[in-house]
Amino acid sequence: MSLKITFQGHAAFTFETGEHTLAVDPFITGNPLAEAAGLTRESISATHIALTHGHADHVGDTLEIATRCGSQLIAAFEICEWASEQGLEAVNPGNPGGRIDTDFGWIAFTQAFHSSSFEGRYMGMPCGLLINIGGTTVYHAGDTGLFSDMALIGELYKPDIAILPIGDRFTMGPEHASRAAEMIKPGLAIPCHYGTWPPIDIDPARFQPNGIDVLRLGAGESHVVD
């Protein structure tokens, strides 16, 4: 089964198999990269939405997309509690160390070294996501600093693709992200969370993990895995 991965700008991605579409961290409205590419939240029709953590630039358009599409939300327990209070009924909570079976495969939660809040409310532990969809396993690391157990994540889950933040300041910079990719050992690494605003406007060419192919996508660009 083929898998279409589309970068929506910042840390937002969609994963499409034909039958299912998973949106991760769908921050479109107010996302300069997405808006410059002419992307809108109405262009995303998701059967599922997964969030790495509760910051506004990751929660993004979750409520609007989920309400319009009837999407199931997969996220940390506290995020799902908040979403339920906003009227979403299809919520599927988890936390680091756990795995949830889904209609398209499964999602496992890993630790991430960051923070997680929304409008002053605690939103649980920040997470990375291991996503098995369309016969491919993708590790979306979320917003995180470098940690040595990334090697263990690579050993346990053997992701085909790793999506890693490289923008520095709030996450790993490109050099630490390169080391992360080398520990995870995916077949392909895709950088994200850079160039959205001046504080994270770094040179992505500095992301050069040894022995790992790198694919830089512009907002709206896709990669198809057969």
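The values are calculated or read from the model by the stated rules, or taken from the named source; none is laboratory data. None of the values given here were measured: they were computed from a predicted structure. Note that each Cβ is placed from the backbone with ideal geometry, even for glycine, and that neighbours are counted across all protein chains shown.
Looking only at residues of the range 94-115 that are among the small types (G, A, S) and under 19 Å from I163 (Cβ atoms), we find that the one that is surrounded by the fewest Cβ atoms within 10 Å (Cβ to Cβ) is G105.
Surrounded by fewer than 18 Cβ atoms within 10 Å (Cβ to Cβ), in a strand (DSSP E or B) and without any contact (Cβ under 8 Å) to a residue 40 or more places away in the chain, is that true of N132? No; evaluated as a whole, the condition is false for this residue. Screening the candidates Y157, Y194, Y122, Y139 for the property of being under 21 Å from H20 (Cβ atoms), hydroxyl-bearing (S, T, Y) and touching a helix residue (DSSP H, G or I) at 6+ places or on another chain (Cβ under 7 Å) yields one hit, Y139. Residues of the range 180-209 that are assigned to a helix (DSSP H, G or I), more than 18 Å from the chain's Cα centre (by Cα) and closer than 16 Å to P159 by Cα: E182, M183. Any idea how many residues of the range 56-69 are surrounded by fewer than 22 Cβ atoms within 10 Å (Cβ to Cβ) and closer than 23 Å to G195 by Cα? Residues that pass the stated criteria total 2.
Return the residue satisfying two criteria in turn: it lies in the range 210-226 and is at pLDDT 95 or above, in a loop (DSSP other than H, G, I, E, B) and charged (D, E, K, R), and of such residues it is farthest from N31 (Cα to Cα). Quick ask: steps written out before the conclusion?
Initially, the range 210-226 is screened for residues at pLDDT 95 or above, giving 210-225.
Filter once more, keeping what is in a loop (DSSP other than H, G, I, E, B): 210-212, 215-221.
Among the residues that remain, those that are also charged (D, E, K, R) are: 216, 221.
Values: R216: 18, E221: 15 Å.
Out of the qualifying residues, it is R216.
Mind listing whichever residues of the range 70-93 are surrounded by 19 or more Cβ atoms within 10 Å (Cβ to Cβ), among the small types (G, A, S) and within 17 Å of H20 (Cα to Cα)? Matches in the range 70-93: S71 only.
Go through the residues of the range 121-135 one by one and say whether even a single one is among the charged types (D, E, K, R) and farther than 29 Å from D203 by Cα. Show your work before the answer.
Kept after step one, since they are among the charged types (D, E, K, R), are these residues of the range 121-135: 121.
Filter once more, keeping what is farther than 29 Å from D203 by Cα: 121.
Scanning the range 121-135 turns up at least one residue that is among the charged types (D, E, K, R) and farther than 29 Å from D203 by Cα.
Table: residues versus (1) aromatic (F, W, Y); (2) under 13 Å from I161 (Cα atoms); (3) in contact with a Pro (Cβ under 8 Å, 6 or more places away or on another chain).
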site	(1), (2), (3)
M172	no, no, yes
S178	no, no, yes
G187	no, yes, no
P191	no, yes, yes
W197	yes, no, yes
V224	no, yes, no
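Within the range 181-196, residues that are polar (S, T, N, Q) and surrounded by fewer than 22 Cβ atoms within 10 Å (Cβ to Cβ) sit with their Cβ atoms under 9 Å from residues that are assigned to a strand (DSSP E or B) and at pLDDT 95 or above, at 6+ positions apart or across chains, in these pairs: T196/G9.
A single entry from T40, T52 fulfils the requirement of being of a type in the set (S, T, N, Q), touching a Gly at 6+ places or on another chain (Cβ under 8 Å) and modelled with pLDDT of 95 or more: T52.
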